[in-house]
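The values are calculated or read from the model by the stated rules, or taken from the named source; none is laboratory data. Predicted, not measured: the structure shown is a model, and the values here were computed from it. All Cβ positions, even for glycine, are placed from backbone atoms using ideal geometry, and neighbour counts span all protein chains on display. Note: accessible area is taken over every heavy atom of the protein model, side chains too, but ligands, DNA and RNA are not part of it. Shrake-Rupley method; radii C 1.70, N 1.55, O 1.52, S 1.80 Å.
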Amino acid sequence: MISKYNAKEISVNGEIFEILIDEETIQKRVAELGEIISKDYEGRIPIFIGVLNGSVIFFADLIRNISINCEVDFLKLSSYGDAKISSGNVKLIKELNADIKNRDIIIVEDIVDTGLSIVYMKGLIQSQNPNSIKIVTLLHKKEATKYDIKLDYIGFQIPNRFVIGYGLDHSQKYRNLRSIYALKNS
Ligand code: 5GP
């Protein structure tokens, strides 16, 4: 067992992580985002593009709070490797399958840190001539963001700390935690 549901603190390889956003707060905000996006896209059929692997949990919860018709597709990028600090390199590992020409695209991110990944992805999607692109991110580390990007829907602004859980990993593990935890004293 990695931790009790919604434990206040968890130990990961000798480091302590403390709860930053609990499950109930996350679910409430995801439902709100779903409602807002559904209203904004009424009468259209947007394609939600999830960024693997981190956004899968958020993605699954978000689209179940979308009350209009929609489609889904996924992209996979690599930026961090196993490190806790962005390496500044972005590589495309999995391309889109959908034809996105003239479509309304909503990119779904788990977290925007420096902003490099989102800038790269927006450019990639833009080059395939969609009708529109919007970005929804569950978390935004505003202090860490170095690129000038418009984030259309933000779940939570968080401090510049390393976080895990609800899709976010620690060396590929801990994505299955229901709450979001931050490295203590980070
Ligand atoms: P950016 O390109 O904005 O610097 O970084 C975006 C990606 O880095 C996210 O999609 C995520 O995979 C990873 N990342 C950024 N901050 C964190 C963090 O605090 N925890 C974890 N687990 N991943 C992060």
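The single condition from (1) touching a helix residue (DSSP H, G or I) at 6+ places or on another chain (Cβ under 7 Å); (2) more than 19 Å from VAL56 (Cα to Cα) that GLY167 fails is (2). For the stretch 122-171, the set of residues classified as in contact (Cβ under 8 Å) with a residue 60 or more places away in the chain and of a type in the set (Ser, Thr, Tyr) consists of TYR153, TYR166, SER171, listed by residue number.
Those strands (runs of 3 or more DSSP E) of the stretch 93-172 that lie entirely within it include none in which at least 2 residues are open to solvent by 60 Å² or more (accessible area, probe 1.4 Å) and among the aromatic types (Phe, Trp, Tyr).
None of SER67, SER87 is over 14 Å from the mean Cα position of the chain (by Cα) and modelled with pLDDT of 95 or more except SER67.
Go through the residues of the stretch 78-85 one by one and say whether even a single one is farther than 21 Å from LEU183 by Cα and either among the acidic types (Asp, Glu) or in contact with a helix residue (DSSP H, G or I) (Cβ under 9 Å, 6 or more places away or on another chain) (or both). No, the conditions are met nowhere in the stretch 78-85.
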